[in-house]
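Before any comments, here is the structure.
Computed from the coordinates by the stated procedures, all read-outs in this text should not be read as laboratory data. All values derive from a computational prediction rather than experimental measurement.
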Amino acid sequence: MKQGMGNSEACRIVGISRSSGTRWRHGHTVVLKSGDIKKYSPISHQKPAVISARFLSELERITIADLLHARRSIRAIALELGRSPSTVSREIRRNIHEPSGNYRPRTAQRTAERRRSRHRNGKIASNPELREFVRNT
């Protein structure tokens, strides 16, 4: 995984199931028959990613939800956050809960985190032959 491969590929190489690989990667807790709890720490210690200020933060999403609940307009919310009204409008439209019609900030944050791309080495960086070919052309 440190070489940039995903969970499935790494598990295939090691010869374990994907669910085992996920447990190894993120750590897990097991309750033994005796009632004791055994914790397995994760094999990878990832630092939380630093997110650019141009993306909405979880705090801003919670503020949007609070101000919507207080029946403030999209323009008023945008003014308070220091954002464009189109940004706030798009955020609400993307993350509205259809059955209830409510905006859910924590669900919106999780969705945004899932959409974020993972850093991977490019093909040229990871393939020495291709890198040499490109360098010589």
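Which value in deg cm²/dmol, rounded to the nearest 500, describes the helix-derived mean residue ellipticity at 222 nm for the chain, given -39,500 (n - 2.57) per DSSP H run of n ≥ 4 and division by the residue count?
Result for the chain: -14500 deg cm²/dmol, rounded to the nearest 500.
Give the Cα extents of the chain along the principal axes, in whole Å, largest first.
Largest first, the chain extends 66, 55, 27 Å along its Cα principal axes.
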